[in-house]
Amino acid sequence: MSALTFTLKGPLEQRLNVSSLTLDHLKDLDIAAIKTLSLPLGNRSMALQDLFLVEGQDPSEIVFRGKTHKLDKIGQGMTSGMIRVEGDAGSYLGMHMKGGEIRVKGSIDAYGACEMRNGLILIEGHAGDFLGAALPGNKKGMAGGIVHVKGNVGARAGDHMRRGALVIDGHAGDYLGARMTAGTIALLGQSGRYLGYAMGRGTLLLAKPPQEILPTFQDCGTHTLGFIPLLLKSFEGLESPLSGMSGRLKRVHRYAGDVSSLGKGEILIAAG
Amino acid sequence: MIKNGVTIDQTFAEAFPMRATRIIITAHNAKWAMIAATAMTGFATSVIACGCEAGIEREMGPEETPDGRPGVAVLLFAMGGKTLAKQLETRAGQCVLTAPTTALFSGLQEGDPIPLGKNLRFFGDGFQISKKISDRRYWRVPVMDGEFLTEETTGMVSAVGGGNFLILAESQSEALAACEAAIEAMKKIPRVIMPFPGGVVRSGSKVGSKYKALNASTNDAFCPTLKGQTHSELSPEIESVMEIVIDGLTQEDIQKAMRVGMEAVCALGAPAGIRRISAGNYGGKLGPFLFHLQEIMA
């Protein structure tokens, strides 16, 4: 069976919520039933067949095509299957995701992977603000899985993050890993200001020295840490340059903080 | 059955069910991984008084270990899960955590999880750090040489303990040489250990004793100095008997190890003073697993 493909018939003027287009929701529906599904578009609803051209049958692989940058909540809460976006994606991609895989050819908007529980998200372009964060007002962000962004990420990536890994090949905006409870963020490019602000636990692994280290982080010296090769090995399937950097990241300079919070987090900076 | 002048008795070794786990110790170099593994498997010859039976399964190259450093695989066996967990924790805490540069990983993913670093982490006094990598949890415990990295749990499986065979020779030195040859060959078999010193036991036991407090006592039927004094199994030319005990993850693993061990003994044969191979047959008192020597060598 070929992948179930949704091709937008034209550009969208309003945001379209496609959270119901996952394997979990579609596995028991035939194509006719799928075509008549009602999708929230802005402040109204529209039938799926009026918005998308539907091809293929296999909901275990779902493909979005066309001007997809206004599709919100792609893969929300999905537990299995694969979703491919052959362009940009909107906000809340992979929100509450529990398993499976999402691959995006382009860039995504804000709150990607927010409160994600497990699974894999691969972004070939850039990601907006609050990647892997908690929803506004919530205190528990991403709690498992891996998100790999080949481009840059916006501000507050990993805000309130609890577990799992963000692997960022490009640069990061301000407040990277702010208020982290645990988990790992690996960054190949340059980080913004207020790195690790108020982080309680967790690890920020940086391939490049940051512009600044907050005064609430304490210098713990340069060390060879045994868990880093294991961590980098777990990134091997990601096509990230980080996975092959065990030599360069063999020794790291460790800063512990943020002492304005619990103070048991760490910033590890490649030292040679 | 006679092979190269060695009579293989029509008898069987009796073995019993155990619980087992495998752990992997890595270190800065192979020397320190081996030092930690040797310490951890010390005083672990018999469950009769040691709590567990443990041994080094094999050395591992950097490409085989989780953290890319040289390592050693260790197997531990005990009569029950609780005892095994306790022994593992005590030994890991005193012999691996303490050994310079070491890290400790699970060597068995299957079976029931038992704590490996789960409780050792408290040595970190609140400075320990948890890392979940690829669905496996690790603990980073700060220690004076850097960090002690340990996996949280390892797997515990049902296993078999007490596979054995006896080597009957014309002299002590010939019995020892045959044992050494057997152990050298058996060390190459995976998933088994020979827990006694150097793999060899000279004080083979029978079940029970004339003293009520003891569960086991000397196997008088195979003691050469008692030939005229007890109901002996030994013919006049036998002057020394030594035993090799094998614990394995499965019955098949033990069979394989027994076969290569007995083949090595038979290769030396009668010209090297080896007269018989027998086994610890306790008439069904010891356990449900029977290893018939002649079937294994057929």
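The values are calculated or read from the model by the stated rules, or taken from the named source; none is laboratory data. Because the structure is predicted, anything quoted here is derived from the model rather than measured. With ideal geometry, Cβ positions are generated from the backbone for all residues, glycine too; neighbour counts draw on all protein chains shown. Ligands, DNA and RNA are stripped out before the accessible areas are found, and what is left, the full protein with its side chains, is counted by its heavy atoms. Shrake-Rupley method; radii C 1.70, N 1.55, O 1.52, S 1.80 Å.
Among A:Gly158, A:Gly75, A:Gly87, the largest mean-square fluctuation in a Gaussian network model of chain A, built with springs joining Cα atoms closer than 10 Å, belongs to A:Gly87. Inter-chain Cβ neighbour count for B:131-140, averaged per residue, equals 5 (cutoff 10 Å, partner chain atoms only).
The residues packed around B:Met79, meaning those with a beta-carbon under 11 Å from its beta-carbon, carry a net charge of +1 if Lys and Arg are +1 and Asp and Glu are -1. Think of the range B:165-227 as having a plus end and a minus end, set by charges on the Cβ of Lys, Arg, Asp and Glu; of B:Pro190, B:Ala213, B:Gln172, B:Ala213 sits farthest toward the positive end of this dipole. Mean projection of the Cα convex hull over all viewing directions, computed for the range A:159-272: 5.9 nm². In this structure, the residue pairs whose Cα-Cα separation is over 29 Å, taken from B:Lys82/B:Lys212; A:Lys67/A:Lys150; A:Lys233/B:Lys256; B:Lys188/B:Lys285; A:Lys98/B:Lys131; A:Lys35/A:Lys70, are A:Lys233/B:Lys256; B:Lys188/B:Lys285. Shape summary of chain A, radius of gyration then Dmax from alpha carbon positions: 19.3, 63 Å.
Taking the helices alone, the protein assembly as shown has a mean residue ellipticity at 222 nm of -4000 deg cm²/dmol, built from -39,500 (n - 2.57) per DSSP H run of at least 4 residues and averaged over all its residues. What shape does the range B:51-142 have by the C-alpha gyration tensor, where a ≥ b ≥ c are the square roots of the eigenvalues, rounded means a/c under 1.5, and otherwise prolate means a/b greater than b/c and oblate the rest? Rounded, because the longest to shortest axis ratio a/c is under 1.5.
Among the chymotrypsin sites (Phe, Trp or Tyr not before Pro) within the range B:196-286, those in coil by DSSP and having at most 12 neighbouring Cβ atoms inside 10 Å are B:Tyr211. Across the range B:87-103, coupling constants 3J(HN,Hα) worked out from phi with the 6.51/-1.76/1.60 Karplus curve, θ = phi - 60°, read 4, 4, 5, 4, 5, 5, x, 8, 10, 9, 3, 7, 7, x, 6, 6, 9 Hz, and Gly and Pro carry x. Normalised by the number of residues in chain A, the average gap of Cα pairs under 8 Å and 6 or more apart makes the relative contact order 10 percent.
Net charge in the neighbourhood of B:Thr45 (other residues with Cβ under 14 Å of its Cβ; Lys, Arg +1, Asp, Glu -1) is -1. Looking only at A:Gly42, A:Gly173, A:Gly141, which one moves most when chain A is put into a Gaussian network model with springs between Cα atoms under 10 Å? Result for chain A, Cα springs under 10 Å: A:Gly42 fluctuates most. Between B:Ser240 and B:Ala169, B:Ser171, the built amide H atoms are under 5 Å apart, and every one of these is 5 or more places off in sequence or on another chain.
The translational diffusion coefficient of the protein assembly as shown, from Stokes-Einstein at 37 °C and 0.692 mPa s with a Kirkwood hydrodynamic radius over alpha carbon pairs, comes to 120 µm²/s.
Over the range B:25-181, the hull volume per residue, using the convex hull of the C-alpha atoms, is 132 Å³. Taking chain A as a Gaussian network of alpha-carbon nodes connected by springs under 10 Å, the highest mean-square fluctuation of the residues A:Leu26, A:Leu187, A:Leu122 belongs to A:Leu26.
Please state the relative contact order of the range A:110-270 as a whole percent: Cα pairs under 8 Å, 6+ residues apart?
16 percent
For the range B:120-130, putting each phi into the Karplus relation 6.51 cos²θ - 1.76 cosθ + 1.60 with θ = phi - 60° gives couplings of 4, 4, 5, 4, x, 6, x, 8, 5, 10, 8 Hz, in residue order, rounded to whole numbers and with x for Gly and Pro. When the range A:110-270 is described by a simple charge dipole with +1 on each Lys and Arg Cβ and -1 on each Asp and Glu Cβ, the residue from A:Ile168, A:Gly151, A:Thr181 located farthest towards its positive end is A:Thr181. Sparsely packed loop sites in the range A:181-256 (the GluC sites (Glu not before Pro) outside DSSP H, G, I, E and B with at most 16 other Cβ atoms within 10 Å) comprise A:Glu212, A:Glu239. Normalising the average separation of contacting C-alpha pairs (under 8 angstrom, six or more residues apart) by the number of residues puts the relative contact order of the range B:180-298 at 29 percent.
Per-residue Karplus couplings for the range A:215-225, computed as 6.51 cos²θ - 1.76 cosθ + 1.60 with θ equal to phi - 60°, are listed in order as x, 8, 10, 9, 6, 10, x, 9, 9, 9, 10 Hz, Gly and Pro entered as x.
Buried accessible surface for the A/B chain pair comes to about 1200 Å², total over both chains, computed with a 1.4 Å probe. The GluC sites (Glu not before Pro) of the range B:142-213 that DSSP puts in a loop, and whose beta carbon has at most 16 other beta carbons within 10 Å, are B:Glu170.
Beta bridges assigned by DSSP with both partners in the protein assembly as shown are antiparallel in approximately 65 percent of cases.
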